[in-house]
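Have a look at the structure below before the remarks.
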């Protein structure tokens, strides 16, 4: 086997996200990077995982990497192809989804997400796609994982618009409200970026868990718009294996369209 | 198609061309552009390229949607030019927008189809969406277990549904991603069904589980091979992802967008001419190899 190029930051992000799915059973997949992470997890740490696509597929086994969320490859060979009413009602709101993947243009320290607008809603600077299924995934999936590149533009003190709730203004209030209103999910548990992996502490606030090989703590802090909580000992994210990189480069994203 | 649009789509109508990534009737969208319909309220979960093109052509005054993007590629630039004040061209006005989440949009069609005053769902708690869309409201559960969110029924004047096949009576059969074709059609006052193939009624009746809507609710059946391109028809032709990427570049520029509309919509009489212009080889490249389902046995009970 020829010598492999070192992992890029996008590859580090995808591998870290895939590993966070170890042992998970039912995962609601998004397009782009989450799609690659989930398909990598299924080939490595979570072979039993059922892939659910919002377009109406449970138990997908895509033979190629879908560009869109509704690619025909997610249908052929799937366990079930259903209407979107069934998918959002029976599968998602009905509580059958263990992990939902979300991303966004902005995230705050409590894992609340904005995918709607930058600037004022009625006169936006940038009109973003909006919720799609995100706001109901945030509420109904048992656990939320976030995958997105970090910068001070995206990791912000205050969202311009809250499309999808995370731990709201803190864990205690969030847990009470989730309980009272009968939300199915517990909110975000992991955030994976191109620099680091984060969890959430008992206050519901994002906390650094590991820094990717090649990234520094200063770099991580400089690309976050709030005072980041940093525990005393922050390990390095374990480097991708040769097999993980091979799967990404040869099977999942051979043209390098995403990673 | 010309007759169906002329008869059933009028200026000022609320139009739902549905199909989630799959089976989007671009052929109908283009015919609406050619017939210069104006002041339409365009409803779709994902406006996709079809509404970007219709907005660019000046057909729309309002969008009702849940996800506004070019799937897998990025933004819908023609729509952004009509939703971002800084990008608005002189003499243009901002589009009205009314947005939901996917479950909310599906729920609106379901409530419309079921003749119910609202559809209850758990989405929207602690989201800013209800703050900007006053039609998303909370109701008290009559069974004393708290509040639930509600969205109003959506009853389009016309729903346009693409599918693989129908018989001449308009009994429509579809496989692959079903989106909310059935719900949108049952909610609509008028229904245009556009299909890849017209089959005999005996073909439909041999596999009744595959029927998504009956001819009972269909006002016009249009036979339009490749009528969903650059969207796709499962088993027939692939999604033209290359075109979705090309549209990103075309639609960033208003003049290029207009030139595309002239070449591929206004200057062509119909879908057959569009298909011929691409050429048979182009569509051959989009044709998948076969993966047939196993047949089931319904039994003969006479």
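Since every read-out is calculated from the coordinates, none of them should be taken as a lab result. Owing to the predicted nature of the structure, the values given are computational and were not obtained by experimental measurement. As a convention, Cβ positions derive from the backbone with ideal geometry for all residues, glycine included, and neighbour counts pool all protein chains shown.
Quick notes
- For B:160, A:107, order by how many other beta-carbon atoms lie within 10 Å, fewest first: A:107, B:160
- Take each residue of peptide A:70-79, count the partner chain Cβ atoms within 10 Å of its Cβ, and average: the result is 6.
- Rounded to whole Å, sorted largest first: equivalent-ellipsoid semi-axes of segment B:101-189, Cα gyration tensor: 30, 13, 12
- Descending by average beta-carbon neighbour count within 10 Å, the peptides B:249-257, A:116-124 line up as A:116-124, B:249-257, the highest first.
- DSSP-defined antiparallel bridges as percent of all bridges, the protein assembly as shown, nearest 5: 40 percent
- Entry note, chain B: the mean residue ellipticity at 222 nm calculated from DSSP H runs of n ≥ 4, each adding -39500 (n - 2.57), is -8000 deg cm²/dmol after division by the residues and rounding to the nearest 500.
- Residue mean of other protein chain beta carbons inside 10 Å, B:94-105: 6
- Chain A, helix-only ellipticity at 222 nm - DSSP H runs n ≥ 4, -39,500 (n - 2.57), divided by all residues, nearest 500: -5500 deg cm²/dmol
- Backbone N atoms of segment A:46-61 closer than 16 Å to the 7 Å Cα→Cβ label point of residue B:291 belong to residues A:51-53, A:55-61.
- Centre-to-centre, using Cα atoms only, segment B:160-229 and segment B:249-275 are separated by 27 Å.
- Neighbour-count ranking [beta-carbon atoms within 10 angstrom, fewest first] of B:231, B:290, B:200, B:123: B:290, B:200, B:231, B:123
- Distance between segment A:235-251 and segment A:210-231 - C-alpha centres, whole angstrom: 22 Å
- Stokes-Einstein diffusion for chain B, with the hydrodynamic radius set to the Kirkwood value over Cα pairs and evaluated at 37 °C in a medium of 0.692 mPa s, equals 163 µm²/s.
- Rounded to 5, percent antiparallel among DSSP beta bridges of chain A: 50 percent
- Counting only DSSP beta bridges whose two residues both lie in segment B:1-78, roughly 10 percent are antiparallel.
- When A:237, B:46, A:73 are arranged by Cβ crowding within 10 Å, least crowded first, meaning fewest neighbours, the order is A:73, A:237, B:46.
- Reference-scaled alpha-carbon Rg (2.2 N^0.38 Å with N residues) for chain A: 0.98
- Whether segment A:109-232 is rounded, prolate or oblate, judged on the alpha carbon gyration tensor where a/c under 1.5 counts as rounded: oblate
- Across peptide A:151-162, the mean count of Cβ atoms from other chains lying within 10 Å of each residue's own Cβ comes to 1.
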